[in-house]
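What follows is a set of notes on a single structure, which appears directly below.
The values are calculated or read from the model by the stated rules, or taken from the named source; none is laboratory data. Computed from a predicted structure; not experimentally measured. Note: ideal-geometry Cβ built from the backbone for every residue, glycine included; neighbour counts use all protein chains shown.
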Amino acid sequence: PRSEDWLSSLLAHYDDPAVYAVGGSAHPVWPDTRPAFLPTAVAGQPGELDWIVGCTYRGQPTTTSAVRNLMGANMSFRREPIVALGGFVSGIGRIGRIPLGCEETELCIRLRQNHPGAEIVFDPSIVVDHTVSADRTRPRYLLSRSYAEGVSKAAIARLIGSEDALSSERAYTAKILPRAVGRETSAAARGNPVRAWGAVAVVASVGAAGFGYARGRLSRISG
């Protein structure tokens, strides 16, 4: 945590009995410099693909808001409802070095499905630093993590339904990512050619995630 008030800031939101989960931002601590292929609108601010390294990304709320799910690096829950749900399900999440994920997404959605009035609160002012290992700063990891995200989303869609599993992703893909491609392409055309890699990264990430999702769904059908 960046502040000694991290825990008390999280707990303050639980004064509202409707709040069942609270989380905050996770800012990357790079082993060297931010990878040039990761897009960002403003230097030092989150980029659209920072979720790939487990951090807050452009497109998340910038003020305290109710959200569908929290990110694993900075989240908390009321104990009793989570115990009653049985905690995390098996069969999803990281396996060794295989970058699967979405276990916190599934848990948050299942929490809301079982407690329709529950609020999941994201407060971006509650910040932790998240150390990024060198292997996660390479293009190969972007592709493998994006692919694994698609596979993981297919898995939780089977568990909790595709509408809940993909609601945030549809808006993110339709609104946030096209703006990133346009911005990075325009910057490259204005004389900063390295920014073209940001546009390439977005397209590659979407393609890899889509392929992973399709493969995850088809493997279930064929199985």
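Please go through the stretch 1-59 and pick out each residue that is free of Cβ contacts under 8 Å to residues at least 40 places away in the same chain, in a helix (DSSP H, G or I) and of a type in the set (Ser, Thr, Tyr). Within the stretch 1-59, SER8 is the sole residue that qualifies. Taking LYS175 as the residue in question, decide whether it is under 14 Å from the mean Cα position of the chain (by Cα) and either within 15 Å of GLY59 (Cβ to Cβ) or in contact (Cβ under 8 Å) with a residue 12 or more places away in the chain (or both). Criteria not met by LYS175.
When ALA201, ALA180 are checked against the criterion of being of a type outside the set (Lys, Arg), crowded, with 18+ Cβ neighbours inside 10 Å and in contact with a strand residue (DSSP E or B) (Cβ under 8 Å, 6 or more places away or on another chain), a single residue qualifies: ALA180. Contact map, the stretch 69-87: residues that are farther than 17 Å from ILE160 by Cα paired with residues that are in a helix (DSSP H, G or I) and among the charged types (D, E, K, R), Cβ distance under 6 Å, separation 6+ or inter-chain. Pairs shown: GLY72/GLU104.
Would you be able to say whether some residue in the stretch 116-126 is closer than 17 Å to PHE88 by Cα and either assigned to a helix (DSSP H, G or I) or modelled with pLDDT of 95 or more (or both)? Looking through the stretch 116-126, at least one residue is closer than 17 Å to PHE88 by Cα and either assigned to a helix (DSSP H, G or I) or modelled with pLDDT of 95 or more (or both).
Counting the residues of the stretch 76-109 that are among the basic types (Lys, Arg) and either at pLDDT 95 or above or crowded, with 20+ Cβ neighbours inside 10 Å (or both) gives 2.
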